[in-house]
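The values are calculated or read from the model by the stated rules, or taken from the named source; none is laboratory data. Note that the structure is a prediction, hence the values are computed from the model and not measured. Glycine also receives a Cβ, built like all others from the backbone with ideal geometry; neighbour counts cover every protein chain displayed. Just so you know, the surface numbers come from the protein's heavy atoms only, side chains and all, with ligands and any DNA or RNA stripped out. Shrake-Rupley method; radii C 1.70, N 1.55, O 1.52, S 1.80 Å.
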Amino acid sequence: MASVVQVSHPLVRHHLTRLRDQKTSAAGFRNGLQRLSSLLAYVATQDLDVREIEVDTPLTTTTGAEVKSVIALVPILRAGLGMVDPILDLIPDAEVWHLGIYRDEATALPVQYYCKIPPSGPVDVAMVLDPMLATGGSAIAAIETLQDWGVPKIKLLSVIAASAGVEAVTAQFPDLQLFVCAIDPDLNTRKFIVPGLGDAGDRAFNTHRAHE
Ligand code: PRP
């Protein structure tokens, strides 16, 4: 069965509230998204495989550890881009593979317009990054692409999710690990998460005019 972890740390709740606040500027939104991405990634990487290695300190030799798995960060454009740098700071050797998916405004169905995934040689662990999980359509399209690549372990990191989206992805992918900061109850008629935080891509990149 798929696992769903909601990270309810006080700092997560603090920064998520700033993201929800419509008065938060684009710069403030990007900063908050970065902080939440780090906090989510800390939890989402707790089961990574490590190998023991010897290291010489200035005083002696001791046994330490290094991450063994080949890890890919897979941001869903656009909004997922804002989650890459803070997680790459934590996992500097990770690969980054981009997926361009937008949601058609009329149908709310995902449209894939860019896929930088190689045909073979999958990574051990893929971390799909998207601040929002609404209907789940975009995440499902991304996960299917990664399964076709042959990735054995897939983690989805979403700052905010609608319960309908959580149900959709977990029903379709029983091995998925989902990490979220909050699960909101509703989707409105335009399939926006309610109460939500608006459109993460528009808020991060200051492109609200696109919807005027
Ligand atoms: C938003 C969001 C997710 C998707 C979630 O992207 O960042 O990718 O919608 O909706 P879903 O779960 O119903 O598929 P959007 O289509 O607004 O594209 P953008 O990031 O380029 O703004």
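Within the range 28-48, which residues are under 16 Å from GLN6 (Cα atoms) and of a type in the set (Gly, Ala, Ser)? Within the range 28-48, SER37, SER38, ALA41, ALA44 qualify. Answer yes or no as to whether GLY100 is touching a Leu at 6+ places or on another chain (Cβ under 8 Å) and either surrounded by fewer than 18 Cβ atoms within 10 Å (Cβ to Cβ) or not aliphatic (A, V, I, L, M) (or both). Yes; evaluated as a whole, the condition is true for this residue.
Just one residue in the set VAL74, VAL12, VAL84 is touching a residue at least 40 places away in the same chain (Cβ under 8 Å), open to solvent by less than 40 Å² (accessible area, probe 1.4 Å) and touching a Cys at 6+ places or on another chain (Cβ under 7 Å); that residue is VAL12. Residues in the range 96-114 that are over 21 Å from LEU40 (Cα atoms) and in a loop (DSSP other than H, G, I, E, B): ASP104, GLU105, ALA106, THR107, ALA108, LEU109. Annotation: of all residues in the range 34-71 being hydrophobic (A, V, I, L, M, F, W, C) and touching a Leu at 6+ places or on another chain (Cβ under 8 Å), the one that is most open to solvent (accessible area, probe 1.4 Å) is VAL67.
I'm trying to understand the selection: among the residues of the range 79-109, which are of a type outside the set (Gly, Ala, Ser), within 11 Å of the ligand (Cβ to nearest atom) and at pLDDT 95 or above? Before the answer, list the steps.
Initial filter on the range 79-109 (of a type outside the set (Gly, Ala, Ser)): 81, 83-93, 95-99, 101-105, 107, 109.
Going one step further and asking which of them are within 11 Å of the ligand (Cβ to nearest atom), we end up with 81, 83, 99, 101-105, 107, 109.
Selection gives LEU81, MET83, LEU99, ILE101.
Would you confirm whether or not the range 31-39 contains a residue that is over 11 Å from the mean Cα position of the chain (by Cα), at pLDDT 95 or above and in a loop (DSSP other than H, G, I, E, B)? No: zero hits.
Taking the range 87-97, which residues are open to solvent by 70 Å² or more (accessible area, probe 1.4 Å) and of a type in the set (A, V, I, L, M)? Before the answer, list the steps.
Quick first cut of the range 87-97, residues open to solvent by 70 Å² or more (accessible area, probe 1.4 Å) only: 89-90, 92-93.
Passing the criteria: only LEU90.
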